[in-house]
Amino acid sequence: MKKWTLPQIQKGGEIHDKFGEFLGDILLAGGFMSDSEVNGFYGCGELSDPFLMTDMQKAVEVIDDAADNGEKIVIYGDYDCDGVTAASMLYSYLEENGAEVEYYIPERSDGFGMNIPALEKLVENGAQLIVTVDNGISANKEAEFLKEKGVKLVITDHHSQTGEIPFCEACVNPNRNDDTSPFKELCGAGVVLKLLIAMCGNEDFVLDNYADLAAVGTVGDVMPLYGENRLIVKKGLKSIKEGQNFGLRALIDKAGAKPDSLTAEDLAFKICPRINCAGRVSSATISAKLLLADSPERANTLAEELNELNSKRKTISDEIYADIEKQIEQDPKIVYERVIVLAGEGWNVGVIGLVCAKVVEKYGKPAVVISIENGIARGSCRSVGNFSIHKMLMHCADVFDNYGGHPMAGGFSLSADKIETLKTKIYEFARENYPTMPDAELVFSRETRIDELNINAVELLESLAPFGEGNRKPLLLFKNCTVADRKPMKDGKFVSFTAKQGNASMRAFSFEISYDEFFIENNMTVDIAAYAQINEFNGRKSVELHFIDFRPSGFDQNKFFAAKRAYEAIRRGEGCDERLYPRVVPQSREDLMKIYDMLVKFGGKYSLEQLSAYNKSVNYCMMMIASDAFVEAGMFEKEGERLKKVSVNGKRDLFKEGFLSRIQLKDGKVLAV
């Protein structure tokens with residue numbers, strides 16, 4: 001269950017005068033207060049001069065000289081989507097212009113950035129100039145090694161500078177401390193795009209030939225889609241539709257996307273994951289070979305290989321997640337903590353970040369997933385709300401061998417025998433700094449009525465594309481929709497229904513929610529969180545709703561989240577305010593029978609969260625405490641998130657034995673002792 005948040009906006013003013021009520025509301029919800037702010041965000045028409053970036057002139061001269069003199073140039077990339085696209089762009093340009101050039105993509109097991117063993121091999125094989133892409137700003141030790149070997153180094157990167165610039169011929173990075181270029185949000189591929197413009201001297205040529213890969217790198221590295229990034233992605237999508245890159249075209253086909261209608265969201269959810277999967281479960285070099293394929297036949301072969309690797313990645317992820325669900329089933333206290341921490345032997349370190357994100361999505365809490373192999377533990381972290389992963393890792397720094405991250409995500413390595421110490425410190429940090437944890441949220445752009453949506457309104461929304469980081473697709477709230485014609489899709493994997501408001505109706509569907517999970521029956525009223533989109537069939541356009549969340553109309557989310565926090569505090573042993581006692585703990589046999597009867601009737605059909613939303617008369621905390629007592633007494637069995645009644649002989653007083661008997665009032669708190 002996520003917290004739904006609807007921004008409060010002031011009606012009237014310049015934005016509404018300029019853009020009308022519907023689009024004006026969307027823009028105000030996005031934080032735009034004037035026409036000039038809107039134009040500044042959405043109106044980038046050209047890239048800034050690449051020579052405004054510090055060391056750009058030096059980088060061009062060094063690379064050109066090496067190419068002209070026949071020196072061996074090696075492009076040192078990275079194993080993620082940004083690093084692979086950036087390396088492919090620079091290699092393609094130099095190779096087509098006659099340079100002696102190779103590329104090197106490290107394996108994920110080598111770690112991020114340059115490493116000495118790889119450099120030793122490159123130097124041994126005759127490298128005379130190393131050009132990094134998407135890494136290098138922190139490679140001081142590696143730069144000194146190259147200096148000793150007499151190998152020149154040019155760094156192109158976009159990560160923040162945290163120390164001295166490494167020894168090199170040139171360092172092009174919009175985020176180095178002394179850089180004064182105007183746009184700082186470029187990814188590694190974006191920096192390479194600017195480098196190519198500087199080398200070529202023809203921006204239109206470079207955009208026509210390389211914006212496609214730069215767009216994939218920008219979206220894949222989750223860069224904000226405003227300013228120059230917006231222009232790069234727009235130009236890149238246009239180039240992709242024209243099909244100039246055989247590899248991208250083949251991958252789009254294998255992913256089931258349509259080149260003519262490709263969006264930034266398609267890149268994010270269909271193309272980038274396939275490029276990334278090679279580095280997660282095999283070798284990222286496969287992705288580079290695909291993007292550099294010189295024939296449709298070669299591209300199709302490599303795209304099929306990536307598709308198979310992506311399926312393998314999904315299988316590995318599912319296996320790890322199944323292990324996680326077993327751990328939680330055996331020890332439910334794991335998910336009662338403020339931060340969910342899980343560890344497993346042999347979990348593929350390349351996919352634990354994806355699994356961690358899935359845990360966060362499922363449980364609505366920050367999570368840490370740790371892979372253990374040969375006594376070494378490597379972890380991935382993801383956050384919710386304003387909980388800072390970076391600060392959490394700093395708090396635990398003394399147990400790590402290495403760590404890094406930002407407020408929303410991070411990673412680390414440590415000795416496996418320190419995992420329990422790490423858990424203790426994570427729980428300590430969360431307890432001391434976040435007595436009330438942030439809730440996972442869905443943030444809406446606007447509450448909308450079905451009768452307000454027409455083709456013109458949705459086209460106005462689509463004019464704000466491309467959507468992605470920093471420019472989220474407008475999420476609309478539709479209240480009090482009567483459900484009709486509820487149907488399963490794809491054998492029940494998905495669901496659709498007709499949403500009715502007064503005399504207006506519209507088809508709604510979900511690819512995130514199964515038919516069974518959508519527990520709202522026909523003729524019930526529901527609130528839905530949905531994206532509006534245009535469907536075109538047989539030349540006829542219509543508007544439909546792609547909904548991603550729902551709840552029964554009238555659901556009191558504040559009451560629900562307060563009750564959930566109280567329950568988890570009791571289960572953690574921290575306790576909740578004793579003044580809540582009559583509302584959150586069953587007081588009588590009648591309280592228990594009310595919940596018992598509800599579980600007998602609906603427990604096998606609905607999850608406990610769903611029952612809480614469906615039955616407004618039962619407090620979530622009270623229902624969970626009663627359910628725990630029933631399960632401990634052997635009256636029900638857990639089947640995933642649902643309860644199944646078990647036949648038992650005899651009667652027992654749950655207030656005198658078992659879980660309920662251990663709940664006491666002590667020192668002003670409700671405690672389970």
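The values are calculated or read from the model by the stated rules, or taken from the named source; none is laboratory data. Model, not experiment: these values are computed from the prediction. Please note: Cβ atoms are built from the backbone with ideal geometry, for glycine as well, and neighbour counts cover all protein chains shown.
For the range 74-93, indicate whether the set of residues that are under 28 Å from residue 376 (Cβ atoms), of a type outside the set (Asp, Glu) and without any contact (Cβ under 8 Å) to a residue 40 or more places away in the chain is non-empty. Within the range 74-93, none of the residues are under 28 Å from residue 376 (Cβ atoms), of a type outside the set (Asp, Glu) and without any contact (Cβ under 8 Å) to a residue 40 or more places away in the chain.
To keep it simple, each residue is scored yes or no on (1) in contact with a Ser or Thr (Cβ under 9 Å, 6 or more places away or on another chain); (2) part of a strand (DSSP E or B); (3) buried (at least 23 other Cβ atoms within 10 Å of the Cβ).
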position	(1), (2), (3)
165	no, no, no
178	yes, no, no
186	yes, no, yes
195	yes, no, yes
198	no, no, no
210	yes, no, yes
217	yes, no, yes
253	no, no, no
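When the test is whether a residue is out of contact with any Cys (no Cβ under 8 Å at 6 or more places or on another chain) and buried (at least 19 other Cβ atoms within 10 Å of the Cβ), residue 510 passes it.
Scanning the range 374-394 turns up no residue that is farther than 26 Å from residue 512 by Cβ, β-branched (Val, Ile, Thr), buried (at least 19 other Cβ atoms within 10 Å of the Cβ) and not assigned by TED's automatic domain parsing to the domain that holds residue 571. At pLDDT 95 or above, closer than 20 Å to residue 353 by Cβ and either touching a Pro at 6+ places or on another chain (Cβ under 8 Å) or not aromatic (Phe, Trp, Tyr) (or both): does that describe residue 233? Considered against the rule, which asks whether it is at pLDDT 95 or above, closer than 20 Å to residue 353 by Cβ and either touching a Pro at 6+ places or on another chain (Cβ under 8 Å) or not aromatic (Phe, Trp, Tyr) (or both), residue 233 comes out as no.
Any chance the range 612-620 includes a residue that's farther than 30 Å from residue 261 by Cα, outside any helix (DSSP H, G or I), out of contact with any His (no Cβ under 9 Å at 6 or more places or on another chain) and among the β-branched types (Val, Ile, Thr)? Yes, the range 612-620 contains at least one residue that is farther than 30 Å from residue 261 by Cα, outside any helix (DSSP H, G or I), out of contact with any His (no Cβ under 9 Å at 6 or more places or on another chain) and among the β-branched types (Val, Ile, Thr). Scanning the range 378-407 for residues that are at pLDDT 95 or above, under 23 Å from residue 111 (Cβ atoms) and in a loop (DSSP other than H, G, I, E, B) turns up 383, 396, 400.
For residue 75, the conditions (1) farther than 27 Å from residue 271 by Cα; (2) in contact with a Leu (Cβ under 6 Å, 6 or more places away or on another chain); (3) part of a strand (DSSP E or B) are fulfilled apart from (1). Scanning the range 407-426 for residues that are touching a helix residue (DSSP H, G or I) at 6+ places or on another chain (Cβ under 9 Å) and not hydrophobic (A, V, I, L, M, F, W, C) yields 407, 410, 411, 415, 418, 421, 425. When residue 673 is tested against the conditions (1) within 30 Å of residue 521 (Cβ to Cβ); (2) among the aliphatic types (A, V, I, L, M); (3) within 40 Å of the chain's Cα centre (by Cα); (4) loosely packed, with under 15 Cβ neighbours inside 10 Å, the lone failure is (1). The set of residues from the range 428-475 being within 22 Å of the chain's Cα centre (by Cα), buried (at least 17 other Cβ atoms within 10 Å of the Cβ) and part of a strand (DSSP E or B) comprises 468, 471.
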